[in-house]
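The values are calculated or read from the model by the stated rules, or taken from the named source; none is laboratory data. Here the structure is a predicted model, which is why all the values come from computation and not from measurement. In this analysis, Cβ positions are derived from the backbone assuming ideal geometry, glycine residues included, and neighbour counts consider all displayed protein chains.
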Amino acid sequence: MAEKSKILIIGGTGYIGKFIVEASAKSGHPTFVLLRESTVSDPAKGQIVDGFKNSGVTILTGDLYNHESLVKAIKQVDVVISTVEVLAVRIGNDVDRARAEEPIKSAFNIKIGIRRAIEAEGIPYTYVVSHYFAGYSLEAAVFNVEQDIGAYTIKAVDDPRTLNKVLYIKPPKNIYSFNELTALWEKKIGKTLEKEYIRKSKC
């Protein structure tokens, strides 16, 4: 059996990051997390950090904005996963395909610039798209659970089909319109809900 890739997660104590760390450790990958000293000593994050340690995760003290500590961490692994948000831009959006108005458009442009810089340097990459804006129409949305996002992200690590590609986490059985979601909920609770329909032109 081939040796599993060593994975470094940056932003591992964040909302999605902790699920990716957990999935990596459970999959048997040697897992590293880069954490600031202030995060390691923060009582609010202590339980998360202790959970990492108990799962065999190696904690590396450093900072994304400290070049020396960042390079030192990267040199210890085969794969780097960043779950750090760019301003308020969630990691799961495909910024190259999204249509956005200001101020979100400017935030997306920062993330687009990061993608182009990675590609220009010839760094192998996989961009993970894991969630979508549902909006106010009746069009379908994708509903993903965080543990699945972690699991799919880690499965992509050693899958050559994801190299230099965008990975969309979009399981067919997780796609529902609001009407379908309401019907599912009605079936679960055994009663019909009162609904008010609004024309799309008024949204």
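Cβ separations smaller than 6 Å between residues 6+ apart or across chains give the following pairs from segment 143-160 residues that are at pLDDT below 95 to residues that are part of a helix (DSSP H, G or I) and surrounded by 18 or more Cβ atoms within 10 Å (Cβ to Cβ): GLU146/PHE19. Residues of segment 42-60 include none that is closer than 20 Å to THR126 by Cα, surrounded by fewer than 21 Cβ atoms within 10 Å (Cβ to Cβ), of a type outside the set (Phe, Trp, Tyr) and at pLDDT 95 or above.
The set of residues in segment 1-15 that are more than 21 Å from ASN66 (Cβ to Cβ) and touching a helix residue (DSSP H, G or I) at 6+ places or on another chain (Cβ under 6 Å) contains only SER5.
Kindly indicate which of LYS170, LYS195, LYS191 is within 27 Å of LYS18 (Cα to Cα) and either at pLDDT below 85 or out of contact with any Asp or Glu (no Cβ under 6 Å at 6 or more places or on another chain) (or both).
Numbers: LYS195 fails: within 27 Å of LYS18 (Cα to Cα); LYS191 fails: within 27 Å of LYS18 (Cα to Cα).
Exactly one residue qualifies, and that residue is LYS170.
It is to be established whether one or more residues within segment 32-54 are closer than 14 Å to ILE10 by Cα and polar (S, T, N, Q). Taking every residue of segment 32-54 in turn, at least one turns out to be closer than 14 Å to ILE10 by Cα and polar (S, T, N, Q).
Taken over segment 160-196, the criterion of being within 27 Å of ALA98 (Cα to Cα) and exposed (fewer than 10 other Cβ atoms within 10 Å of the Cβ) is satisfied by PRO160, ARG161, PRO172, LYS173.
Quick one: LEU35 ticks every box in (1) over 22 Å from LEU163 (Cα atoms); (2) more than 19 Å from the chain's Cα centre (by Cα); (3) modelled with pLDDT of 95 or more except a single one, so which number is it? Of (1) over 22 Å from LEU163 (Cα atoms); (2) more than 19 Å from the chain's Cα centre (by Cα); (3) modelled with pLDDT of 95 or more, only one is false for LEU35: (2).
Mind telling me which of the residues VAL95, VAL21, VAL77, VAL71 ends up being part of a helix (DSSP H, G or I), of a type in the set (Val, Ile, Thr) and surrounded by 12 or more Cβ atoms within 10 Å (Cβ to Cβ)? Spell out the reasoning first.
Numbers: VAL95 fails: part of a helix (DSSP H, G or I); VAL77 fails: part of a helix (DSSP H, G or I); VAL71 fails: surrounded by 12 or more Cβ atoms within 10 Å (Cβ to Cβ).
Matching residue, one of VAL95, VAL21, VAL77, VAL71: VAL21.
Looking only at segment 105-129, filter to residues that are of a type outside the set (A, V, I, L, M) and modelled with pLDDT under 85; which one of those is farthest from LYS173 (Cα to Cα)?
Of the residues in segment 105-129, the ones of a type outside the set (A, V, I, L, M) are 105-106, 108-109, 111, 113, 115-116, 119, 121-122, 124-127.
Checking the rest, the ones that are also modelled with pLDDT under 85 come to 105-106, 108.
On the way: LYS105: 31, SER106: 33, PHE108: 29 Å.
Top of the filtered list is SER106.
Looking across segment 40-67 at every residue that is within 20 Å of the chain's Cα centre (by Cα) and in a helix (DSSP H, G or I), the one that is farthest from VAL157 (Cα to Cα) is identified as LYS45.
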